[in-house]
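Only one structure is covered here, and it is reproduced in the block below.
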Amino acid sequence: MKAVILVGGEGTRLRPLTCNVPKAMVPILNRPFLEYMAGYLKEHGVEDIILATGSLPDPIQSYFGDGTKFGIRMTYLVEESPLGTAGAVKNAEAFLDESFFVFNGDVLTEIDLTAMMRRHQEIGPKVSIALTPVDNPTIYGVVETDAEGKVKRFMEKPSRDEVTSNLINAGIYILEPEVLEHVPVATPFMFEHHLFPRLLEMGEVILSYPSDAYWIDTGTPEKYLEAHHDLLWGWGDRGIRLGRGSKIHSTARIEGPALIGEECVIAEDAQVKGPTVLGPRCEVAKGAVVEGSVLWHDSKVGEGAILRNCIAGSYSCVQHGSPVLDGCVLGDNVTVGRGNRLAKGARVWPESHPKPNITSF
Ligand code: GTP
């Protein structure tokens, strides 16, 4: 079985974390997101992954190679300019000869793909689309279905009055290869805006697969942190997993659930409170507190500093006297100097990638 994973987006909502790292390689519990996805797909019988990449494809290829090390075959397709979600799959057409999965490359989920494929094959639509319930559908693309689960229409960010369903597109599809005949070659084309409405107009069946299974789009810092909290609490034992070579001072206090990568140093009187992840070689200096946060590799929290419910990119540093609280996001190599107070939810860009002048996020 084959799956196309769409990893060609720019990951703008997750910036500054995605300034240097493609979204698919952003670590989840200290492993690239895509590694989780490959494991999940493998469990459901996928043997071939086709990665539709765009910007920054090299880090993915140098980590996964041909996939052998991960027990799955990986093929890479690069787009010279973004083709959109459906255009990117059209670009993979030569590799696709039977029902196949398509995934958005930022969805962490336990949706039962085996059952979804079984239903697709029993009923035989041209497209199946997984749906997931959300509390506030007005900020998503809502999918309206009939009593038999056939899709009636797609509504992008409906107003409160228009909302007729709390089910949104989960970014997981099964497609029959022939639907790609309706996608133009080398032209930006989207599933929800172009291909699916076109198929509905033509009278083709798009079957929904609603599921209550765990699902989260990790594409924003808030959701990325939430996914970590969910995964860590999911351990159920408030455990502390300690990487090889890490040193914890006898007076330091660690409360799980916490994942501490290899060769970290937690100094005297420092505190690490779960749910927290420290990447490899992080340092929590004397008396510093890290709580509810995710730190990427080689980050440092200076003496007496506080980092709470935040994300810190690799080689970032928080110095003493500069508490970093509530949803702040530090890009790679960012240092928050003494006396710098960051506003709640502030995002600090690395100097090599100054913040673009875009107000939409
Ligand atoms: P934002 O810029 O934050 O919206 O992120 P994004 O574009 O990476 O994600 P979005 O949720 O908009 O897209 C859904 C999925 O489709 C993501 O996994 C993207 O990587 C992927 N994607 C979006 N546009 C393209 C494209 O033009 N080509 C390819 N290959 N993938 C795409």
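What follows draws every value from the coordinates through simple rules; no lab data is involved. Note that the coordinates shown come from a computational prediction; the quantities given were computed from them, not determined experimentally. Cβ: placed from backbone, ideal geometry, glycine included. Neighbour counts: every protein chain shown.
Brief remarks follow.
- Listed by chain and number, the aspartates and glutamates whose alpha-carbon sits under 16 Å from that of Lys344, ignoring those within fewer than 8 places in the same chain, are Glu222, Glu291, Asp326.
- Between Pro133, Ala147, Ile60, the Cα set farthest toward the positive side of the dipole of the stretch 47-171 (charges on each charged residue's Cβ, about the Cα centre) is that of Ala147.
- Residues Glu192, Glu255, arranged from fewest to most other Cβ atoms within 10 angstrom of their Cβ, appear as Glu255, Glu192.
- Long pairs among Lys247/Lys300; Lys247/Lys273; Lys23/Lys157; Lys90/Lys223; Lys2/Lys69, criterion Cα-Cα beyond 21 Å: Lys23/Lys157; Lys90/Lys223
- Helix 113-123 and the longest principal axis of the C-alpha atoms of the chain enclose an angle of approximately 10°.
- Residue order, fewest to most surrounding Cβ atoms within 10 angstrom, among Ile129, Ile123, Ile254: Ile123, Ile254, Ile129
- Burial ranking of peptide ranges 60-67, 103-110, 220-227 (average Cβ count within 10 Å, highest at the top): 103-110, 220-227, 60-67
- Helix 33-43 and the longest principal axis of the Cα set of the chain meet at an angle near 50°.
- Burial ordering of His182, His120, fewest other beta-carbon atoms within 10 Å first: His182, His120
- Mean Cβ count within 10 Å, highest first, over the residues of peptides 301-307, 41-47, 172-178: 301-307, 172-178, 41-47
- Remark: the stretch 232-285 is approximated by an ellipsoid whose semi-axes, taken from the C-alpha gyration tensor as √(5λ), come to 17, 12, 8 Å, largest first.
- Per-residue [θ]222 nm for the chain (sum of -39500 (n - 2.57) over DSSP H runs n ≥ 4, rounded to 500): -4500 deg cm²/dmol
- The alpha-carbon of Lys152 sits under 12 angstrom from the alpha-carbons of these aspartates and glutamates, leaving out residues fewer than 8 places away in its chain: Glu144, Glu201, Glu204.
- Share antiparallel - DSSP beta bridges, the chain, percent rounded to 5: 30
- If you wrap the tightest convex hull around every Cα atom of the chain and split its volume per residue, you get 141 Å³.
- Between the alpha-carbon centres of the stretch 241-263 and the stretch 56-128 there is a gap of 37 Å.
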